[in-house]
Amino acid sequence: MYFSAFNSFTMRALAGLEKTVIRESPTCINTRNREIIKSLRYAGMIQKALLPSDNVMKRVLGDYFTLFMPKDVVSGDFYWVASKNGHSVIVAADCTGHGVPGALMSILGISCLKEVIVSDCTNRPNRILNQLREKVMEALSQTGDFDEAKDGIDLSMCIINHDRSELQYSGANNPLYIIRDGELLETKPDKMPVGVNAIDEEPFSNHLIRIRKNDKVYMFSDGFPDQFGGPRGKKFKYRPFKNLLLDIHLKNMQDQREILRETVTDWMGDNEQIDDILVLGFAIT
Amino acid sequence: MRFTGFKIKNFRSIVDTGWNTLSADNITALIGQNESGKTSVLEALHCFYQGKISEDVLRSDLSLPEVSCSFSPEDDHQLEFAENCGLPGGVLDQIKKDGEFILERKWFPDLSSRIYLAGDKIVSVFEALEEDNRMLTMKTVSGAEKIIKQYIEKTNEARLLEENIESLNKEVRAINSSLASLDKQLKRSGKSGEREIIKRKLEDAENNTSMISAKIKESENRLYELQLSIAGESFLKEKAESCIDLCNNLSKAETDLEDAGKHLKSVEENLSLSRQRKDKRTGEAKLYEARNRYISLSHSHDILKDKAGVHVRVFSKLMDNIEIQEAEKEGEAEYKQYNSIITREAAGALFFKGIPPFEFFEDFSSLLPNKMDLEDIFDNNSRVEGYKAFRNFLIVAGLDPEFFRQTNNRILKQKIENLNNEVTVDFQEYWRQNVGRTNKIRIHFELEHYDITHPENRGRPYLEFWIKDQHERLYPNQRSRGVRWFLSFYLELKAFARENINKQRVLLIDEPGLSLHARAQEDVLKVFEDLKGKIQIIYTTHSPHLVDTGKLYRLLAVQRSNDNREQSETIIFDASHLHSATSDTLSPVCALLGSGLTRQEALDRKKNVIVEDVSTFYYFSGLAKLLKLPSDISFIPANGPAGVTTLVSLLTGWGFRYTVVLFDNMANDVIITELQSYLQNFEKAGPGSRLLFAESIPGAEDLLSTLDFKKHIIKKRVGISGSNTGYITDNNISRPLLAASFAQSTASGNITVDDFDEETLDNLNRFFTSLQEMIRTSDEIL
């Protein structure tokens, strides 16, 4: 539903832009652009509305932060949380592309994710990702043909059973970091997206992790470590990103968010933000 | 009141059928070859109701027939007729608890019969009652004899004591006389020595006298005691003698009555054999005399029986030291209560009134005539040919004969036209055959008047019947035997159903529709189905068209115990033991379902799994191999969900045990309810058979994860957001082909269990563990 509404809205906006370029005089272009930007901002508002509110995030995660920095007005990254059967479901996702195409994919992702989680009774994230992949492939009519678009979603999903102190993780290209006693534990993802794969789709793996109080869990898109910048205009990279998290993990969540934001902004300097940035952190209480 | 089962002994070729349960849905079919004894079963049941048999039904060893039938009241109200009717305490409660009662009819050498309330528990109540009475009589008579014996012993002792006392008195008198003599001698004697001797003698005699006197005293005391006791017991002794006399007289009266009964029968038989008038006159006189004697003895016997009954009870009380007035009061009351309890035979007669009537449907006794005079209708002239069929016709049409007294010809004609349409529409609901391609037959009657060609009846009204089709208008007699039979059958059954809306009956039909086309035979089944609410139907058949393969629980297979058919006895197999019947007996079933499954060695008697279709069969076969399930599990495919019930019927009937696997889809929703009902009908066969409902799994393909389904079954990389079976349906793919290909891949080793993802393995493990568990518990029951 969200997907179709958003899609229709954006398509109308793009069609309007095309007509403007071809048929209208150059003097009208600025006016039209303003309208388009206005429309995109509105689309961005809709997209934000689809993301869980602070109240919901607090209810599900407790102590948390999100660093959500879309490259454009609308974003291809999204995060999503829910409570199901006494379990907490947490997703940090990065859809192919950014801007309008990424946003369209993110709407598709949220919509499908909600469908899968509501309709299915499994508490295993890998099975949810398997099903999510089916929905995405079906929605995008992906059949693995050579010449078709390979759009998909990279994401990490955690399902936490607080009663049993268990965290299940399944990842599509996006890893999971847990910092415990000053040590960063990385759980590697399956190297395939939620969507058609280059080769045959394989089932996602399920990782069961025992969690402890005060563990800090981080889920993120590749926007932060892949951001170009610094003195030599290079990627921030994962090693420094891990070190950064290790440095700040004992601080309160909002301070961590602020340090991450400042760090990436400083790193970017005058460079353009190349992708949407999403880092989601929360503490096990 | 439902007729629930029967047991027949010594009837034609039947020695003992054992108990056979009738179908719970009121339609029972007896199948079997000619001469197997099917009709004998129907006749025996009819005789049970009628009470009459001919010598033809007796077996060569002249053992007498016994037919027992069980009946089940729908609720306790249907047993109200038996309340306060003198049944022994606990009998009615037992019947209510059991939910059924048994009536047993026994025939005697004179071919008369008696009906008894039967059943082990009920019989034991009656027997206990009789035993109590017998024991009371025996104990009382024994007590009476003891009392008499003691009385005689006391009398004898008293007499002896009297004699003894007399003797002692004599002795005393003699001693006294000798004392007087000694006393004189002492006075006369002067010698001291002599005087001493006489004095000693005197002392001895006095001592003797006092000793004897003491004995006399003792004897007199004892005698007094005895006399008191004898005086006290003389009344009891008289009563004891009277009690014994009455019991002896009763015993003699019973013997006399039995002899008189035998004599009466013998006189009756002699009279029936008499041919000469003189012999007949003599015989009649003897019969009169014998009958009078029997009545007189019977009367005397009854009086004696009552007297003895009361006396025994009174005397029993007296023995317990109860005062005579009280004993008489209690004894009479007890006997009155005992005498008010009806016998098992009387109870049988009482319950017999509560059972539905049994009727033997007679094929052509009620054929619709070509015409019927109204005069015969008004006069209720039942001897006129076709009267019964005409009466049935009026009932089916809902018409009172008085209607034909209507003088307004227009009203008459209009009403008749309407009725013709109504009856035809109803008839056509059951008779689906067409004459030619589309031409349906119609039942038609008209009011006519005799014309000049019938001068003797000229002007008189009559009704004329026709069986019409588009091309022809023929009298009933001109129509085929099949149509006439069906019409007769239709009218008879519908008339009964209309006339007896709230009554039940048992209809026995021998070979219905022998002359009917297969389609019409199926129509007969349709009529049965329509009427089964109020009419219990038991019919014999050879025809596969009169057997509903979906309801094999209705069958009772009748056959001879061995191939020597003339001499062997009839045996009956109920639905759960059809596998024991021969294939010849089961030919109607085999004709419908192919050869007998029991002869298929591939099937196990217990570990059968009925699956809804051939696709599921392929998947299960393939998966069973991959998962290394025990090889003795047989998967049996049904021909779609509707065929599952047929297979269930078939396997149950043929003695197999099975587990039905049904997936959670719309097509199976109805089947699940039906199956539960079917398993209830197969009450005996129920244990050991199971239903595994795979909740939330729409089909066998959904046991595989979507990914495995794509990889190993459809072999396509495509997004499937719904169920796997839904994808097949939505894309119009051949399920059986996919399933067969999967089975082939598993057989050839192209797919192994390691190729499945954890979701698939988890599903398969859970599902097949449940299945094996069901099979295991089923085995344990068996």
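The values are calculated or read from the model by the stated rules, or taken from the named source; none is laboratory data. Fair warning: this is a prediction, and the values are worked out from it, not measured in the lab. With ideal geometry, Cβ positions are generated from the backbone for all residues, glycine too; neighbour counts draw on all protein chains shown. All accessible areas refer to the heavy atoms of the entire protein, side chains included, with ligands and DNA or RNA removed. Shrake-Rupley method; radii C 1.70, N 1.55, O 1.52, S 1.80 Å.
Here A:Arg261 passes the criteria (1) closer than 21 Å to A:Ala172 by Cα; (2) under 18 Å from the mean Cα position of the chain (by Cα) except the one numbered (1). Within the stretch A:121-148, the set of residues being at the interface with chain B (Cβ under 8 Å from one of its Cβ atoms), open to solvent by less than 10 Å² (accessible area, probe 1.4 Å) and touching a helix residue (DSSP H, G or I) at 6+ places or on another chain (Cβ under 7 Å) comprises A:Glu134, A:Val136. Just a yes or no: is a residue in the stretch A:107-120 within 12 Å of chain B (Cβ to nearest Cβ) and either among the basic types (Lys, Arg) or farther than 23 Å from A:Gly76 by Cα (or both)? Checking the stretch A:107-120: at least one residue is within 12 Å of chain B (Cβ to nearest Cβ) and either among the basic types (Lys, Arg) or farther than 23 Å from A:Gly76 by Cα (or both). Of all the listed residues (B:Arg484, B:Arg473, B:Arg479, B:Arg458), the sole one being more than 29 Å from B:Asn408 (Cα to Cα) and either loosely packed, with under 14 Cβ neighbours inside 10 Å or out of contact with any Leu (no Cβ under 7 Å at 6 or more places or on another chain) (or both) is B:Arg479.
The residue that is nearest to the other protein chains (Cβ to nearest Cβ), among those in the stretch B:712-753 that are within 30 Å of B:Ser631 (Cβ to Cβ) and part of a loop (DSSP other than H, G, I, E, B), is B:Lys715. Take the conditions (1) within 14 Å of another protein chain (Cβ to nearest Cβ); (2) open to solvent by less than 30 Å² (accessible area, probe 1.4 Å); (3) within 17 Å of the chain's Cα centre (by Cα); A:Cys158 misses just one of them, which is (1). When restricted to residues that are away from chain A (no Cβ under 14 Å) and exposed (fewer than 14 other Cβ atoms within 10 Å of the Cβ), the stretch B:754-764 contains 0.
Residues are listed down the side, and each one gets a yes or a no for (1) under 24 Å from B:Glu166 (Cα atoms); (2) among the acidic types (Asp, Glu):
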| site | (1), (2) |
| --- | --- |
| B:Lys217 | yes, no |
| B:Glu220 | yes, yes |
| B:Tyr224 | yes, no |
| B:Ala231 | yes, no |
| B:Ser266 | no, no |
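Of everything in the stretch B:690-711 that is within 11 Å of chain A (Cβ to nearest Cβ) and open to solvent by 20 Å² or more (accessible area, probe 1.4 Å), the residue that is nearest to B:Ile728 (Cα to Cα) is B:Thr706. Scanning the stretch B:493-504 for residues being closer than 21 Å to B:Phe48 by Cβ and either in a loop (DSSP other than H, G, I, E, B) or touching a helix residue (DSSP H, G or I) at 6+ places or on another chain (Cβ under 7 Å) (or both) gives a total of 3.
Within the stretch B:297-312, not a single residue is in a loop (DSSP other than H, G, I, E, B) and over 30 Å from B:Gly99 (Cβ atoms).
In this structure, does B:Phe403 turn out to be assigned by TED's automatic domain parsing to the domain that holds B:Trp485, aromatic (Phe, Trp, Tyr) and surrounded by fewer than 17 Cβ atoms within 10 Å (Cβ to Cβ)? Judged against the criteria, B:Phe403 is a match.
Residue count for the stretch A:173-194, restricted to those that are more than 14 Å from chain B (Cβ to nearest Cβ) and either among the hydroxyl-bearing types (Ser, Thr, Tyr) or closer than 20 Å to A:Thr122 by Cβ (or both): 4. Residues in the stretch B:90-116 that are touching a residue at least 12 places away in the same chain (Cβ under 8 Å) and of a type in the set (Gly, Ala, Ser) were compared, and the one that is surrounded by the most Cβ atoms within 10 Å (Cβ to Cβ) is B:Ser113.
For the stretch A:6-54, a residue qualifies if it is among the hydrophobic types (A, V, I, L, M, F, W, C), under 21 Å from A:Gly102 (Cα atoms), open to solvent by 60 Å² or more (accessible area, probe 1.4 Å) and modelled with pLDDT under 80, and the qualifying residues are A:Met11, A:Leu14. The helices (runs of 4 or more DSSP H) found entirely in the stretch B:322-411 that carry 2 or more residues being among the aromatic types (Phe, Trp, Tyr) are B:324-340, B:344-352, B:387-397. May I ask you to verify whether A:Gly233 is farther than 21 Å from A:Ile90 by Cα and out of contact with any Asp or Glu (no Cβ under 7 Å at 6 or more places or on another chain)? For A:Gly233, the condition - farther than 21 Å from A:Ile90 by Cα and out of contact with any Asp or Glu (no Cβ under 7 Å at 6 or more places or on another chain) - is met.
Of the residues A:Asn206, A:Asn214, A:Asn197, only one is away from chain B (no Cβ under 14 Å) and either buried (at least 22 other Cβ atoms within 10 Å of the Cβ) or not aliphatic (A, V, I, L, M) (or both); which? The unique qualifying residue is A:Asn214. Listed by first and then second residue, the pairs with beta-carbon distance under 6 Å, at least 6 apart or on different chains, first residue in the stretch B:294-312 and open to solvent by less than 60 Å² (accessible area, probe 1.4 Å), second acidic (Asp, Glu), are B:Leu297/B:Asp256; B:Val310/B:Glu332. Report whether or not A:Arg232 is of a type in the set (Lys, Arg), in contact (Cβ under 8 Å) with a residue 24 or more places away in the chain and assigned by TED's automatic domain parsing to the domain that holds A:Ile178. When the stated conditions are applied, A:Arg232 does not pass them.
Taken as a whole, the condition of being open to solvent by less than 60 Å² (accessible area, probe 1.4 Å), among the charged types (D, E, K, R) and within 11 Å of chain B (Cβ to nearest Cβ) does not apply to A:Asp151.
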